1. Any idea which of (1) farther than 21 Å from VAL254 by Cβ; (2) touching a Gly at 6+ places or on another chain (Cβ under 9 Å) is the one GLU372 doesn't satisfy?
2. If you take just the strands (runs of 3 or more DSSP E) that sit entirely in segment 421-523, which of them hold at least 2 residues that are of a type outside the set (Val, Ile, Thr), at pLDDT below 90 and closer than 20 Å to GLY411 by Cβ?
3. Could you give me the residue pairs with C-beta distances under 6 Å whose first residue belongs to segment 208-230 and is more than 13 Å from PRO313 (Cα to Cα), whose second residue is surrounded by fewer than 24 Cβ atoms within 10 Å (Cβ to Cβ) and small (Gly, Ala, Ser) wherever it lies, and which are 6+ apart or on separate chains?
4. For segment 139-154, enumerate the residues that are surrounded by fewer than 19 Cβ atoms within 10 Å (Cβ to Cβ) and either at pLDDT below 80 or assigned to a loop (DSSP other than H, G, I, E, B) (or both).
5. Suppose we keep only residues that are small (Gly, Ala, Ser) and assigned to a loop (DSSP other than H, G, I, E, B) within segment 307-335. Which one would you say is surrounded by the fewest Cβ atoms within 10 Å (Cβ to Cβ)?
6. For GLY390, are the conditions met, namely being closer than 25 Å to VAL435 by Cβ and touching a Pro at 6+ places or on another chain (Cβ under 7 Å)?
7. Look at segment 347-381 and say how many of its residues are in a loop (DSSP other than H, G, I, E, B) and surrounded by 15 or more Cβ atoms within 10 Å (Cβ to Cβ).
8. Just checking, does segment 25-36 include any residue being among the β-branched types (Val, Ile, Thr), in the same structural domain as ILE129 (by TED's automatic domain parsing) and crowded, with 17+ Cβ neighbours inside 10 Å?
Amino acid sequence: MSGPNLADLIARNAGFAPQKLALRCEGTELSYGQFATLIEAAAFALVNTCGVRRGDRVAYLGLNSPRQLVLLYACARVGAMLLPLNWRLARGELAYIIGNAEPKLLAIEQEFASDPGDLIAGAPTMGLIGLDGEVAGGLAFDELVAKASDRSLATEGHFEDPVLLVYTSGTTGHPKGALLTQACLHWNSVASVHMHGLTARDHVLTVLPMFHVGGLNIQTTPALHAGATVTLHRRFAPGAALAAIAHDRPSLTVLVPATFQAMLADPGFAAADFSSLRAIATGSTVVSEELVDIFAARGVRLIQIYGATETGPVSVYERFDQKRDRRDTTGLAGYCTQLRIVDDNGRAVPTGRPGEIALRGPGIFAGYWRDEAATSAAFRHGWYLTGDIGKVDPDGYLYVHDRKKNVIISGGENIYPAEIERVIMEIEAVAECAVVGVPDARWQETPVALVVRRQGATLDIAALKAHLAANLARFKLPRRILSRDSLPKNAMGKVQHFLLKAQMAAASRGEPGEVEGRGEAGD
C-alpha cells in the first residue's frame with residue numbers, strides 16, 4: 001500500500017477504537033470499524049464495477065447522508081473526486097455543472113431521480129447509482145457495497161490528489177468548480193481542531209447541507225479525522241435542531257445567520273437546553289453582535305469564522321476559549337493560514353487601512369476546474385484574492401467591511417447577480433437589466449431585478465417569471481421585478497450595482513434617493 005490519503009485517517013481511528021460511534025443519521029449508526037469497512041468496499045466497487053480511476057469525478061445528488069461521506073473517503077482511497085451537487089438548484093443549473101465536470105458516475109437519491117435524462121444529457125457516458133434504492137438504468141449503492149465487502153484495492157490515492165470539486169456561483173454568469181486536494185482537507189481539519197479544541201471526545205451536530213464546504217468541512221470532516229462522533233440531519237429544521245441539541249447533547253455545531261433566525265423564531269427556543277454546547281461556529285456573512293449577545297446570555301459561545309469554498313473554508317477565526325474583548329471581528333489568521341490586506345496592485349497596505357483580503361496556506365484550493373484564466377485571476381504572487389474588503393488591527397484581528405465582488409448572500413447561500421442577469425437577458429424584450437440585493441429581516445438579503453424594456457417591445461412579466469423559475473434555483477429568484485427607463489452606468493458604460501443597491505436600500509427605508517423609473521412590474 002502507498003499513501004497516505006484521507007481514507008487512512010478513518011482506518012486509523014477504526015484501528016484504535018473500532019466500536020466508537022462515528023456517524024448517526026435518522027436511526028442509522030455506524031461505528032468507526034463499520035465506516036472504514038464501507039469505505040473500502042465502496043472504493044473497490046467504484047474501481048472494479050464502475051470503472052472509476054484516479055482523477056475521475058463521482059457526483060452526489062442527495063440530502064445529507066452517511067453515504068455521501070462513504071463516497072468522499074472512497075474517492076480519496078481511489079484518487080478520484082467527489083462532486084457534491086446542490087439539490088436546491090434548478091435542473092438546468094445542475095445539467096450545466098454535470099456537463100462541465102463530466103462525472104464518471106452520478107450517485108442520486110430517489111427524490112431527485114424521477115427523470116434523470118436532462119441531467120445525463122451533458123455527460124452521456126455517465127453511469128448512475130441509486131443511493132436509496134434502484135434507479136432506472138443504474139445500480140443500487142447498497143448492493144454494490146455488499147458485493148464488494150471484504151475486498152481490498154492494491155492501489156490508492158495520495159494527499160496531492162484533488163478529492164473535492166465544489167461549484168461556486170459565478171461572477172460571470174456560470175458557476176466555477178473549485179478543486180480541493182486531500183491535503184487541503186487535511187490542513188483544513190488541523191485548523192478546525194485548533195479553532196474548536198476538537199478531540200475524539202467531541203460530538204458534532206451537522207444540520208447544514210454538506211454540498212457546501214461549510215456543512216462538510218468546518219466540523220464534519222475534521223470531527224471524523226479526530227475520531228469524534230457526528231450526528232447528521234438530512235436537512236435543517238429549527239425544531240429538530242433544537243430537539244437534537246437538548247436530547248443528543250452535542251458539544252459543537254455550525255449555524256449561519258439564517259438558521260439562527262429560524263431557531264430564534266421557533267416556539268421551542270426559549271426553553272431549549274444549550275448546556276452541552278461548548279461553542280457554535282458561524283459565518284457565511286457578517287454576524288451581528290446582537291446575535292452573539294443573545295447566545296452568550298444562554299451560556300453559548302459563538303465563534304466566528306471567515307473563509308470561502310476556495311479556502312476550505314477554515315482560514316480566519318476566533319478560538320472557542322478566546323476571551324471576546326473585540327466586537328465585530330472575525331478573528332485571527334488561522335493555524336495554517338497567512339493573512340494580509342492588499343491594494344489593487346497586490347501590495348500590502350498599512351495596518352488599519354482597508355483593502356482586499358488575501359490569504360495563503362496549505363488549505364487553499366488548487367484552482368478552478370478547466371478554467372486557467374479564472375485560476376490565474378484568483379491569485380497574485382501566490383496569494384488568493386478573496387474579493388472581500390477588510391482591515392486588520394495592530395494585533396492582527398480581521399474586520400470584514402464589504403464584499404468587493406458583486407454577490408448577494410441570502411440565507412447563507414451565495415447568489416451572484418450575473419447568473420440571474422444572464423437568464424433575464426435571454427428574454428428578447430429585455431434591453432438591459434441589473435440584479436441587486438436588498439436587506440431582508442429573515443434572509444439577510446434577497447435579490448431584486450431591475451429591467452429596461454427594449455424599445456418597441458412588450459415585456460410579459462409573467463413569462464419572464466416563468467423563464468426564471470425554469471432556469472434558476474428557487475432561492476435565486478428575484479423577490480421583485482422592477483421596470484426602469486434606464487440604469488446608472490459609469491464612464492465605461494458598466495452598470496453601477498453599488499449605486500442601485502444603495503438606492504434600493506434607501507427606498508426600502510422610505511428615505512430620499514429612490515431608483516427612478518416606472519415602478520413595479522411584478523411581485
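1. (2)
2. By residue number, 430-440, 444-453.
3. LEU208/GLY215; PRO209/GLY215; ALA226/ALA200; GLY227/ALA200; ALA228/ALA200
4. Result: SER149, ASP150, ARG151, SER152, LEU153, ALA154.
5. In the first step, residues of segment 307-335 are kept if they are small (Gly, Ala, Ser); the result is 307-308, 312, 315, 331, 333-334.
Imposing the further condition that a residue be assigned to a loop (DSSP other than H, G, I, E, B) reduces the set to 307-308, 312, 315, 334.
On the way: GLY307: 26, ALA308: 23, GLY312: 33, SER315: 31, GLY334: 28.
Across segment 307-335, the extreme among qualifying residues is ALA308.
6. yes
7. Initial filter on segment 347-381 (in a loop (DSSP other than H, G, I, E, B)): 347, 349-354, 361-366, 369-371, 381.
Filter once more, so that each one left must be surrounded by 15 or more Cβ atoms within 10 Å (Cβ to Cβ): 349, 354, 361-366, 369, 371.
Of the residues in that region, 10 qualify.
8. No, because not a single residue in segment 25-36 is among the β-branched types (Val, Ile, Thr), in the same structural domain as ILE129 (by TED's automatic domain parsing) and crowded, with 17+ Cβ neighbours inside 10 Å.
The values are calculated or read from the model by the stated rules, or taken from the named source; none is laboratory data. Bear in mind that the values here come from a model prediction, so they are computed numbers and not experimental data. All Cβ positions, even for glycine, are placed from backbone atoms using ideal geometry, and neighbour counts span all protein chains on display.
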